[in-house]
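Engineer: Handing you a structure now.
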């Protein structure tokens, strides 16, 4: 059984010349005080993070997560995370996980205000029980994100393509979905295109073709979505990226929200309009996503 734990990471140079970074990690009590009151991750949400699913002690899709962490850091003008060091940190954190499903969260913040170095840590915790969402599906509503599809390119300081700690808007969207009697939300651009969910990627099926919104316009390139695409392509399905008008959502033959910890949750309704559910394919996707993947 996984217990909550925390691993403080002393960031080192991006020059990956060392073979062993274990002396840069400190295992601490997850319930004990560890951050300064001047820490900018808590004061301003000034940092980036990744959540890595762990199955029976095996961290899933580590390299894609670390690559996305580096991408987010670059967008936020944070020092480049040393990939070898962070990979070893993930392995050390996974060693704290037992049987079953868990989650490792990686955090890189700007550190203490006016401080010399960033702050970095990893936490482990048991994963929530998502069997209901995986088997019974989720109802979603569409919400206007307030930006058109070109906003991320036109205004990169909005950090729309970074996975930052500033998740207040994402959580507000989920609360609004609950107020509307749904489980989750799908963001739409202000010019009427499908984006993503607050904490998941969207995959739609039209016949034997699977499509997800293009990873631009402030959309995170989902690590789980990439894994699902590899699995589907291996079975001979066509997979692709496109600009998807909101009007295409109710026409889909099936749809899923996919993420690293919840995995594949079939969408049963969009704005109260029922969608078909492919229970057999959903079960196949989740079996695959629960299998060890590097």
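Engineer: Using 0.36 nm times the number of residues separating residue 132 and residue 8, minus their current alpha carbon distance, what extension gain do you get?
Structural biologist: Working: separation 124, 0.36 × 124 = 44.64 nm, distance 3.38 nm.
Gain on stretching residue 132 to residue 8: 41.3 nm.
Engineer: While we're on this one: Between residue 91 and residue 190, how many nm apart are label points set 7 Å from Cα along the C-beta direction?
Structural biologist: Placing both labels 7 Å beyond Cα along the Cβ direction yields 4.8 nm.
Engineer: For helix 279-289, what angle does its Cα long axis make with the longest principal axis of the chain, in degrees from 0 to 90 and rounded to 10?
Structural biologist: 20
Engineer: Students often check this: by mean Cβ neighbours within 10 Å, which of 18-27, 245-254, 49-58 ranks highest, and how do the rest follow?
Structural biologist: On the way: 18-27: 13.1, 245-254: 15.1, 49-58: 19.7.
Ranking the peptides 18-27, 245-254, 49-58 by packing returns 49-58, 245-254, 18-27.
Engineer: Rounded to whole Å and sorted largest first, what semi-axes of the equivalent ellipsoid does the C-alpha gyration tensor of the chain yield via the square root of 5 times each eigenvalue? Mind showing how you got there, number by number?
Structural biologist: Working: eigenvalues 208, 99, 62 Å².
They are 32, 22, 18 Å, listed from largest to smallest.
Engineer: May I ask you to compute the full-extension gain from residue 155 to residue 22, defined as 0.36 nm times their residue separation minus their alpha-carbon distance, rounded to one decimal in nm? If you can, show how the numbers build up before the last one.
Structural biologist: Numbers: separation 133, 0.36 × 133 = 47.88 nm, distance 3.95 nm.
Taking 0.36 nm per residue and subtracting the Cα distance, the gain is 43.9 nm.
Engineer: Moving on. Using only Cα atoms, tell me the angle between helix 168-179 and the longest principal axis of the chain; keep it within 0 to 90° and round to the nearest 10.
Structural biologist: 40
Engineer: Something else: Placing one identical point scatterer on every Cα of region 93-210 and ignoring solvent, what is log10 I(q)/I(0) from the Debye formula at q = 0.13, 0.16, 0.22 Å⁻¹?
Structural biologist: -0.76, -1.06, -1.29
Engineer: Still on this structure, please answer the following. Where the centre of each part is set by its Cα atoms, how far does region 165-229 sit from region 1-38, in angstrom?
Structural biologist: Between the Cα centre of region 165-229 and that of region 1-38, the gap is 31 Å.
Engineer: Can I ask one more? If I fit a long axis through the Cα atoms of helix 223-234 and take the longest principal axis of the Cα atoms of the chain, what angle between them do I get, 0 to 90°, rounded to 10?
Structural biologist: Roughly 50 degrees between the two axes.
Engineer: Multiply the residue separation of residue 233 and residue 170 by 0.36 nm, subtract the distance between their alpha-carbon atoms, and state the gained length in nm to one decimal. Before the final figure, lay out each step's value.
Structural biologist: Details: separation 63, 0.36 × 63 = 22.68 nm, distance 3.07 nm.
Separation in residues times 0.36 nm, less the Cα-Cα distance, equals 19.6 nm.
Engineer: Show me the ranking of peptides 78-88, 206-216 by mean Cβ neighbours inside 10 Å, starting with the highest.
Structural biologist: Working: 78-88: 20.0, 206-216: 17.0.
With the highest mean Cβ count within 10 Å placed first, the list reads 78-88, 206-216.
Values quoted throughout were computed directly from the atomic coordinates according to the rules given, and no laboratory measurement underlies them. None of these values were measured; they are calculated from a predicted model. Don't worry about glycine lacking a Cβ; one is built from the backbone with ideal geometry, like all the others, and counts go over all protein chains shown.
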